[in-house]
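The values are calculated or read from the model by the stated rules, or taken from the named source; none is laboratory data. Fair warning: this is a prediction, and the values are worked out from it, not measured in the lab. With ideal geometry, Cβ positions are generated from the backbone for all residues, glycine too; neighbour counts draw on all protein chains shown.
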């Protein structure tokens, strides 16, 4: 081949070779990028609580770990099982079920796809391909109860639960024990809404409790709880947020919030899966000691030096195991 024909040929060959190499590299990167799917809890996005926290954890993982994720809401899929199956068929490496209410669906799907890795939040499963993360909600609720017990002027405080299920009973038990630990004479009114997504119902329940002299109300009720916060503000009493820092929802009423760090838990799971391609723990339980449970800064009200010392002491005793709350 003549030299003036050989040079253009080599140039074209190099371009083609480079393109193929880049294409293979790009394909490899795409293949190795971890894909995570999440089926959100029944209240869905915008609950300003549990679902939003879980979603935020995956957003952080996407931004910092370069994973990709997709999600489903029951308002679209009608059933948890359908949403979970769609996420499997989409080719996600890890599929998360956010909330105890989808345990049956996630276990049924896990049996159908035994090689697929699942993560269930808020309940435990014995299936080998379903990993779980649960929280010691009673620990944070105990501290919230202690604040209410120390600050109540009427000696009457309230608890509003969503569904009357063992998980929400953990919130209630911790709150009641925290109140009684610092104020044995205080009365705790409890009511379960039977719903996590009805803010109007939450307002109605709160109004009834306020009529019974409750001056601090703690809801563990998802979007139903948002109604409690708004009614507390409208009526001039105090309340507490749950799962996330909900101060911004009612800035004249929310004294603190029980933080259930679902966002941190999901981010840590995504980080481990992205680095190892698997999850090392079958079941994880996170409390104050493990940084899975906390309370938000105290606002609107003020604790005296003595009250702050009491709260700090209770927190330390929960962390070191001196205080245990049995749901």
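Restricting to region 71-119, give me the number of residues that are under 28 Å from residue 168 (Cα atoms) and not in a helix (DSSP H, G or I).
14
Among 117, 109, 132, 79, which is the only one that is touching a strand residue (DSSP E or B) at 6+ places or on another chain (Cβ under 9 Å) and surrounded by fewer than 21 Cβ atoms within 10 Å (Cβ to Cβ)? Even if it seems obvious, please write down each step before you answer.
Working: 109 fails: surrounded by fewer than 21 Cβ atoms within 10 Å (Cβ to Cβ); 132 fails: surrounded by fewer than 21 Cβ atoms within 10 Å (Cβ to Cβ); 79 fails: touching a strand residue (DSSP E or B) at 6+ places or on another chain (Cβ under 9 Å).
Testing whether each residue is touching a strand residue (DSSP E or B) at 6+ places or on another chain (Cβ under 9 Å) and surrounded by fewer than 21 Cβ atoms within 10 Å (Cβ to Cβ) leaves just 117.
Out of 162, 140, 202, which single residue is over 17 Å from the mean Cα position of the chain (by Cα), buried (at least 23 other Cβ atoms within 10 Å of the Cβ) and either within 26 Å of residue 315 (Cβ to Cβ) or outside the structural domain of residue 87 (by TED's automatic domain parsing) (or both)? Let's see the steps before the verdict.
Details: 162 fails: over 17 Å from the mean Cα position of the chain (by Cα); 140 fails: over 17 Å from the mean Cα position of the chain (by Cα).
Residue meeting the stated conditions: 202.
Within region 260-280, take every residue that is touching a helix residue (DSSP H, G or I) at 6+ places or on another chain (Cβ under 9 Å) and exposed (fewer than 15 other Cβ atoms within 10 Å of the Cβ) and give me the one that is nearest to residue 56 (Cα to Cα).
Checking each candidate, the answer is 275.
Look at residue 87 and say whether it is surrounded by 17 or more Cβ atoms within 10 Å (Cβ to Cβ) and more than 30 Å from residue 296 (Cβ to Cβ).
Working: surrounded by 17 or more Cβ atoms within 10 Å (Cβ to Cβ): yes; more than 30 Å from residue 296 (Cβ to Cβ): yes.
Answer is yes for this residue.
Looking only at region 32-65, count every residue that is closer than 18 Å to residue 197 by Cβ and out of contact with any strand residue (DSSP E or B) (no Cβ under 6 Å at 6 or more places or on another chain) and tell me the total.
The qualifying residues number 10.
Hey, residue 190 hits all of (1) surrounded by fewer than 24 Cβ atoms within 10 Å (Cβ to Cβ); (2) over 24 Å from the mean Cα position of the chain (by Cα); (3) not in a helix (DSSP H, G or I) but one; which does it fall short on?
Residue 190 satisfies all of (1) surrounded by fewer than 24 Cβ atoms within 10 Å (Cβ to Cβ); (2) over 24 Å from the mean Cα position of the chain (by Cα); (3) not in a helix (DSSP H, G or I) except (2).
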